[in-house]
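One structure is given below, encoded as structure tokens.
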Amino acid sequence: MSRQPTVLTIDLGLTNCKASLFSLEGRLVGQASHRYPTLSPQRGWSEQDPQEWWRALKACSQALQSQPGTQKTEIIAISATGHMHGLVALDREGHPLTTCWTLFDQRAEAEAQELNRLLSAETTYRLTGARLEAYTPAAKIAWLKQHRPDVAGKAAFFLAPKDVIRCQLGGEPVTDPIDAAGTVLYDLRRGAWADELVTAAGIRREQLPEVRPSWAHGGRLGEEAAQELGLRAGIPLIVGGGDDVEALGAGVVTPGQALEHIGTTGTLIACLSAPRFDPERRLEVYPHPAPNLYLLGGSTNAAGYSLDWARRFVSHEPTAQAMLPLTYPPSGDAPRPPLYLPFIKGERGLLWDTRARGAFLGLQEVHTPADLARGVYEGVAFSLKEVLAAVGRLSAPANEVVSGTPLTHPGWAQMRADMYGLPLLFPAAPDLTGLGAALLALVSQGVFANTGEAVAKCCRIVQRVEPDPGRVAYYQEVFQTYQAAILACQPLFARLS
């Protein structure tokens, strides 16, 4: 009996590795995940061990192969994705010289300031479409040059997480435009490394990987890695993309569409046919995984973080989603919940202030834990609404938002639709980031002629949540108060930190 052809996707998230098998029609066949730790050896440092990624992948591969639905499949390609802005230095044999410094790592604050002084923050933004901040690989490499010149000198390549795991599989040290742009060393218009930035950061040009399309070939699974994972050697490895490949899996490939994702962090990005640069440099522009498209938007630091914090300290519920059922929609005589500023891990988004701190404002003695929980949900959604509103001022306003967050609670979905004042759409696929990576592999293997055909055949919307006009007006009023609260609190952030 012939085996069902599948593609294997590897998603290195900020908390766990997820390995998934997808059919040639983009259907999820099997999935396994395994957590790994993030360490903070010093204040402001955030590190992961690439060997922990490999151990997690091995555990996922073993778990996948034990699932009944996966035992009659044959993997025809492997495609990886992962969290962006992480940095690992590798030697010529592909062995890590450093841990991975994640996007929460702030050790390179002084180096970021110096690079922005040398080139001006405006010049960097106009070249790359992104801000050069402490968490970006450009600043991290400059820090390595300053504090560990021995390691920087030995480094053959500086790679993103998904490129490291592909090298561990036996692939080539290359990258894609999404992760290249995430380094803030990439000229967005030219589609090439920006020589001015590379020189300023003190990087040898050969230390940066070749940039290939996300669907391009990136090597083959090596014998040793195949044996460890229990797979067949020689499987094609796809270059893949940074975790913005979720936009492809969500079918967000038409201008006017926006994508929200609420994971550990929060993201709101809109699809554009041409790059648009923000004069205030609050929004960032990235290449879309599909050709000739771009993504404009921003990310917030503590979306899921805030929900998990509230679950532990406010509601004591077993899961974050369990907090909401009694709090939305509110009854007519319920007190307005306190306003929550979701800056418990500093903030990117539109604020760009690592010293930003979270807050509850407007607390009253009548407020219950349920009111505080609802305030946290509202604050998280407001942080994304603020990005959406800024995108609308800079480009054509979005007409719908596709959610990368599963529809696990109708009240939470309705709240966001009311906040945005737009329909909130939910795709059929349970894992949009994995599906996006899978579609790149299917295009690479000729199953589909291009990403447009792949989306048309594999991406489907199954639920649409319409905003309630009355609550849209209510939340627009509260949103103005939220923005005023941020302005009022900003002078205090430095003192509170």
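The values are calculated or read from the model by the stated rules, or taken from the named source; none is laboratory data. None of the values given here were measured: they were computed from a predicted structure. Ideal geometry is used to build each Cβ from the backbone, glycine not excepted, and the neighbour counts take in all protein chains shown.
Of note:
Matching residues to (1) in contact with a Phe, Trp or Tyr (Cβ under 7 Å, 6 or more places away or on another chain); (2) at pLDDT 95 or above; (3) surrounded by 21 or more Cβ atoms within 10 Å (Cβ to Cβ); (4) on the phi > 0 side of the Ramachandran plot:
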{"site": "Asp150", "(1), (2), (3), (4)": "no, yes, no, no"}
{"site": "Ala155", "(1), (2), (3), (4)": "no, yes, yes, no"}
{"site": "Glu172", "(1), (2), (3), (4)": "no, yes, no, no"}
{"site": "Ala181", "(1), (2), (3), (4)": "yes, yes, yes, no"}
{"site": "Glu196", "(1), (2), (3), (4)": "no, no, no, no"}
{"site": "Gly202", "(1), (2), (3), (4)": "no, no, no, yes"}
{"site": "Gln207", "(1), (2), (3), (4)": "yes, yes, no, no"}
{"site": "Pro213", "(1), (2), (3), (4)": "no, yes, no, no"}
{"site": "Ala226", "(1), (2), (3), (4)": "no, yes, no, no"}
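- Among the residues of the stretch 452-471, just one is of a type in the set (Val, Ile, Thr) and either modelled with pLDDT under 95 or under 21 Å from Pro291 (Cα atoms) (or both), namely Val455.
- Some residue of the stretch 44-62 being small (Gly, Ala, Ser), modelled with pLDDT of 95 or more, surrounded by fewer than 18 Cβ atoms within 10 Å (Cβ to Cβ) and more than 25 Å from Gly298 (Cα to Cα): yes
- If the condition is being free of Cβ contacts under 8 Å to residues at least 24 places away in the same chain, in a loop (DSSP other than H, G, I, E, B) and under 18 Å from the mean Cα position of the chain (by Cα), then the stretch 1-36 contributes only Tyr36.
- Residue in the stretch 282-301 that is among the β-branched types (Val, Ile, Thr) and either under 16 Å from Leu388 (Cβ atoms) or touching a strand residue (DSSP E or B) at 6+ places or on another chain (Cβ under 6 Å) (or both) present: yes
- Test for Glu122: is it surrounded by fewer than 18 Cβ atoms within 10 Å (Cβ to Cβ), in a loop (DSSP other than H, G, I, E, B), of a type in the set (D, E, K, R) and at pLDDT below 95: no
- Of the criteria (1) in a helix (DSSP H, G or I); (2) over 21 Å from the mean Cα position of the chain (by Cα), which one Arg43 fails: (1)
- Taking the stretch 249-297 as the range and being among the polar types (S, T, N, Q) and either farther than 22 Å from Leu442 by Cα or under 19 Å from the mean Cα position of the chain (by Cα) (or both) as the test, the residues that pass are Gln257, Thr264, Thr265, Thr267, Ser273.
- Tally of residues being more than 30 Å from Ser214 (Cβ to Cβ), hydroxyl-bearing (Ser, Thr, Tyr) and under 27 Å from the mean Cα position of the chain (by Cα) across the stretch 443-497: 3
- Unique match (being over 23 Å from Leu442 (Cβ atoms) and charged (D, E, K, R)) among Arg220, Arg204: Arg204
- Residues that are in a helix (DSSP H, G or I) and surrounded by 19 or more Cβ atoms within 10 Å (Cβ to Cβ) within the stretch 228-250 comprise Leu229, Asp243, Asp244, Val245, Glu246, Ala247, Leu248, Gly249, listed in sequence order.
- Test for Glu196: is it closer than 23 Å to Val151 by Cβ and either under 22 Å from the mean Cα position of the chain (by Cα) or in a helix (DSSP H, G or I) (or both): no
- Ala142 fulfils the conditions (1) part of a loop (DSSP other than H, G, I, E, B); (2) under 19 Å from Leu90 (Cα atoms) except for a single criterion, (1).
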